[in-house]
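Comments concern the structure below.
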Amino acid sequence: MGREMLVMGLMLLGASFMALAGLGLLRMPDLFLRMSSTAKAGTLGAGLILLGAAIHFNNFAISTRAVAIIVFLLLTAPVAAHMIGRAAYFDGVPLWKGTVQDDLHGHYRVSTHTLETGAVPEEDSPPADADQIPDNSDFDR
């Protein structure tokens, strides 16, 4: 009885985190916030569901596979989200108009595709036109 309750709790918690990841995908105003919410909540949700499945089946082979998948997700999902976000930023995808701080602005040289510690001239930086920033969200209202 206790094990079934634990499995049910893990599965429901995992499903809740996955639903929150989906909600974040719909509600967040720009690409970078959407990727952050889905990478974190989706990875945690999938991990909890797999942990619940490993406990439910109580089989060494299944548990080993579930733990291997959890480790693989924890190692790859944040790295993949970071690389996609970095490529999108360098390609000029606009930030949300409510973004307070942009640490990379003025440090990426488009001509050589390198990050530099000093300031880079505006003509060699990615486009950051404020007119391109979409207002497609009720997030800030």
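Tabulated results
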item: FRET efficiency, T64 to R86 (Cβ-Cβ, R0 35 Å, nearest 0.05); result: 0.55
item: Percent of Cα-Cα distances greater than 17 Å, calculated over the chain; result: 69 percent
item: Inter-site label distance for V100 and A15 at 7 Å from Cα along Cβ, in nm; result: 3.7 nm
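No value in this document is a laboratory result; all are computed from the given coordinates. Model, not experiment: these values are computed from the prediction. Don't worry about glycine lacking a Cβ; one is built from the backbone with ideal geometry, like all the others, and counts go over all protein chains shown.
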